[in-house]
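Comments concern the structure below.
The values are calculated or read from the model by the stated rules, or taken from the named source; none is laboratory data. No experiment lies behind these values; they were computed from the predicted model shown. Don't worry about glycine lacking a Cβ; one is built from the backbone with ideal geometry, like all the others, and counts go over all protein chains shown. Note: areas computed on protein heavy atoms with side chains; ligands, DNA, RNA excluded. Shrake-Rupley method; radii C 1.70, N 1.55, O 1.52, S 1.80 Å.
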Amino acid sequence: MSSLDEFALIHRLTQGKQSPAFQQAGGVEIGIGDDAAVAHLTPGCQLVMTCDTMTEEIHFKQITMRNQDIGYKAMAAAVSDIAAMGSMPRYALVAVSFPKETSQARIEEIYEGLYECANRWSVVIVGGDTTSSIGGITVSVTVLGEVETGKALLRSSAKPGDVLFITGELGRSAAGLDFLLTQSIPAKQWEERLDWRNRQSLIQAHCRPDPQIEAGRLLQQSGVCHALNDVSDGLASEAWEIAEASNAGIDLIEDRIPINGELMDYALQAGKDPLDFILFGGEDYQLVGTMPAEHAAAMQMKFKEAGLELFIIGYVNGETKGVRLVQSSGSVLPIEKKGYNHF
Ligand SMILES: Nc1ncnc2c1ncn2[C@@H]1O[C@H](COP(=O)(O)OP(=O)(O)OP(=O)(O)O)[C@@H](O)[C@H]1O
Ligand SMILES: Cc1ncc(C[n+]2csc(CCOP(=O)(O)O)c2C)c(N)n1
Ligand SMILES: [Mg+2]
Ligand SMILES: [Mg+2]
Ligand SMILES: [Mg+2]
């Protein structure tokens, strides 16, 4: 870092990034610059709050993500939890810590990504915190959102007889990460590698996940969705969370789980099972949830009309506990509650 002091740096990272008109339209009364921010909520709505952190070497490293991607994904991962409540994201606070020797350009690029994602979802960055660290970069994003009072979608609302759905193909991010880690090329050199072209969409899934705000709102406003969760740690882990919170069992039907073509192609080439990426990979940030079976077809139609996808991949039952996989042979396998675990 050059001789810029902390306050000059914050100014440089945040000033002029979101216009006063944009902030005002978003309901901000006092944004960055005072002891705390002050903002409005829509009458009839409740506050929805979440926080997620990305740490160097754990969530990203030089060979897996560019600086702009780190910022984009940190915001997307936090916004995704708001989507998983069927809610609208409104405001964000960003806390960054980095070693003194970090270049100013690196931090500025991370902020470019943060603002790119925030602008895309009309989220106003209203504050944060900046500190030095002795080991690596950490970006932590708190998002405040809102939802019609009493209408948030919870993990604990799955009912026997529900179907289990996902809002998009899973496993692509984990396959992209697997590719990046095995190739071990600095992110700066990716663009030069023409032979990487057919891996671009997996890399994109890993570096630039799309939080499923529209899907979450469609499900919330339909009034028929029961449980909802986002896939950060892998389908197995998220389905387990719904099953445990709802005191029910979840059966995944193997034949109904979509396998993306590029994921299949990569798994074949790498000698890996695509289902492992889907079940235990994570960082897809798609939504997984349940709704009564009788509403599934109409909901799929609504999603199609909105240009979104909805796959029915299993069902909830009252007789079992935990998560099982029903294979095409008819065998039923218990699925472990494993996914990414930090400790
Ligand atoms: N250090 C903490 N202090 C207080 N609450 C926490 C802390 N860490 C997590 N939580 C809370 O625990 C719950 C589960 O958090 P978790 O981070 O596992 O969920 P998630 O964000 O959906 O998953 P992921 O972090 O994999 O995206 C949430 O309600 C979260 O707010
Ligand atoms: C370099 C590198 N190694 C491994 C991973 C995989 N990874 C890290 S955290 C996580 C779960 C979601 O995080 P959290 O639970 O903190 O929200 C996953 C799947 C990665 N992204 N980068
Ligand atoms: Mg979290
Ligand atoms: Mg979540
Ligand atoms: Mg999360």
query = Looking at the range 322-343, which of the residues that are more than 16 Å from ligand 4 (Cβ to nearest atom) and in a loop (DSSP other than H, G, I, E, B) is most open to solvent (accessible area, probe 1.4 Å)?
reply = Phe343
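Inspect all residues belonging to the range 64-73 and state whether any of them is of a type in the set (Gly, Ala, Ser), within 15 Å of ligand 5 (Cβ to nearest atom) and buried (at least 24 other Cβ atoms within 10 Å of the Cβ). Spell out how you get there, then give the answer.
Step one: of the range 64-73, the residues of a type in the set (Gly, Ala, Ser) are 71.
With the extra rule that they be within 15 Å of ligand 5 (Cβ to nearest atom), the set shrinks to none.
No, the range 64-73 has no match at all.
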request  = Inspect all residues belonging to the range 171-190 and state whether any of them is of a type outside the set (Gly, Ala, Ser) and within 16 Å of ligand 4 (Cβ to nearest atom).
outcome  = no
inquiry  = Any residue in the range 85-109 that is open to solvent by 50 Å² or more (accessible area, probe 1.4 Å) sitting within a Cβ distance under 7 Å of a residue that is small (Gly, Ala, Ser) and part of a loop (DSSP other than H, G, I, E, B)? List the pairs, counting only those 6 or more apart or interchain.
reply    = Met85/Ala152
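Suppose we filter Gln15, Gln46 for residues that are farther than 30 Å from Arg199 by Cβ and surrounded by 12 or more Cβ atoms within 10 Å (Cβ to Cβ); which single one remains? Outline the logic, then answer.
Numbers: Gln15 fails: surrounded by 12 or more Cβ atoms within 10 Å (Cβ to Cβ).
Residue meeting the stated conditions: Gln46.
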note = Per the filter on the range 233-274, residues surrounded by 20 or more Cβ atoms within 10 Å (Cβ to Cβ) and among the aliphatic types (A, V, I, L, M) are Leu235, Ala236, Ala239, Ile242, Ala243, Ala248, Ile250, Leu252, Ile257, Leu263, Ala267
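Residue check: is Arg120 without any contact (Cβ under 8 Å) to a residue 24 or more places away in the chain and either of a type in the set (A, V, I, L, M, F, W, C) or surrounded by fewer than 21 Cβ atoms within 10 Å (Cβ to Cβ) (or both)?
Spelling it out, Arg120 is indeed without any contact (Cβ under 8 Å) to a residue 24 or more places away in the chain and either of a type in the set (A, V, I, L, M, F, W, C) or surrounded by fewer than 21 Cβ atoms within 10 Å (Cβ to Cβ) (or both).
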inquiry  = So if I check each of Gly223, Gly216, Gly234, which one is within 16 Å of ligand 3 (Cβ to nearest atom), over 17 Å from Ala74 (Cβ atoms) and not aliphatic (A, V, I, L, M)?
reply    = Gly234
ask   = Taking the range 283-306 only, how many residues are under 16 Å from Ile242 (Cα atoms) and either charged (D, E, K, R) or within 22 Å of the chain's Cα centre (by Cα) (or both)?
value = 7
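Being farther than 27 Å from Gly145 by Cβ, open to solvent by 10 Å² or more (accessible area, probe 1.4 Å), touching a helix residue (DSSP H, G or I) at 6+ places or on another chain (Cβ under 9 Å) and part of a helix (DSSP H, G or I), is that true of even one residue in the range 202-219? Give the derivation first.
So the first thing to find is which residues in the range 202-219 are farther than 27 Å from Gly145 by Cβ, and the list is 202-203.
Right, trim to open to solvent by 10 Å² or more (accessible area, probe 1.4 Å) and you get none.
The answer is no, given that none of the residues of the range 202-219 is farther than 27 Å from Gly145 by Cβ, open to solvent by 10 Å² or more (accessible area, probe 1.4 Å), touching a helix residue (DSSP H, G or I) at 6+ places or on another chain (Cβ under 9 Å) and part of a helix (DSSP H, G or I).
I'd like to check which strands (runs of 3 or more DSSP E) are fully inside the range 228-317 and have at least 2 residues that are within 16 Å of ligand 1 (Cβ to nearest atom).
Numbers: elements: 228-230, 249-253, 287-292, 311-317.
Where strands (runs of 3 or more DSSP E) fall fully within the range 228-317 and carry at least 2 residues being within 16 Å of ligand 1 (Cβ to nearest atom), they are 228-230, 287-292.
Does Thr138 qualify as being among the β-branched types (Val, Ile, Thr), touching a residue at least 60 places away in the same chain (Cβ under 8 Å) and open to solvent by 10 Å² or more (accessible area, probe 1.4 Å)? Give the derivation first.
Values: among the β-branched types (Val, Ile, Thr): yes; touching a residue at least 60 places away in the same chain (Cβ under 8 Å): yes; open to solvent by 10 Å² or more (accessible area, probe 1.4 Å): yes.
In short, yes.
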